[in-house]
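First the structure, in the form of structure tokens, and then the observations on it.
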Amino acid sequence: MGNVFGRKSRPSRVTEQDKAVLQLKQQRDKLKQYQKRITVQLEKERLLAKQLLKDGKKQKALLLLKKKRYQDQLLDKTENQISNLERMVQDIEFMQIEMKVIEGLKVGNDCLKSMHEIMSIEDVERILDETQEAIEYQRQIDEMLAGSLTQEDEDAVLAELEAITQGEDVALPEVPTEPVPEVPEAAQAEPERRAAKNKPDREMLAA
């Protein structure tokens, strides 16, 4: 239990900007609910004023229309407030995106600086010079090899390359044509004599 309560709480990922955006959206939603409620009420009052005129109650109808007019003005102000809140939410959200972009640029800039510290301009120039020297040295070797080969050597190299390209078989050594020497008769009879000699010994062991 002590370990559970002793754990450090993780830092919240919700920023102050996120909280501000949430509050603005909540206020916008409340204004929209108020706007919807007043719109329904105004429609009812308009129908009621129409009924009052039919009943000959002109003064009451006029008073009700004045009230409706005032509420219409409140609706206009509410609509402006909702627009302002939505614009502010968009500005904050866009600013958050810009901050992330700036943070990314900062990380990239720091990375480039560290790479520049590891490899200076002098190092780059030295590597390029060494590379150029290696290329020049290889070119000199190629020229020397090309000058030491005769035309006959060049033709032989091209012929070998052509043979490899066409997949010619490699030349194998020739099979000898001389006959295999025969085995003497005495050598052939020796195994038979050994077998006959060992036969009585096996029969005695079996008895």
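Here are a few things to note about the model shown:
- Each Lys or Arg adds one and each Asp or Glu subtracts one; over the other residues with Cβ under 14 Å from the Cβ of VAL107, this totals +1.
- When nucleic acids and ligands are ignored and a 1.4 Å probe is applied, ASP142 ends up with an accessible area of around 80 Å².
- Protein heavy-atom accessible surface, 1.4 Å probe, per residue over the range 16-98: 78 Å².
- Nonpolar atom fraction for the range 16-98, defined as the carbon and sulfur part of the 1.4 Å probe accessible area, stands at 54 percent.
- Förster radius 22 Å - calculated FRET efficiency between GLN33 and MET88, Cβ distance, rounded to 0.05: 0.70
The values are calculated or read from the model by the stated rules, or taken from the named source; none is laboratory data. These numbers come from a predicted model, not from an experiment. All Cβ positions, glycine included, derive from the backbone under ideal geometry; neighbour counts span all protein chains shown. Calculation scope for accessible area: heavy atoms of the full protein, side chains included, ligands and nucleic acids excluded. Shrake-Rupley method; radii C 1.70, N 1.55, O 1.52, S 1.80 Å.
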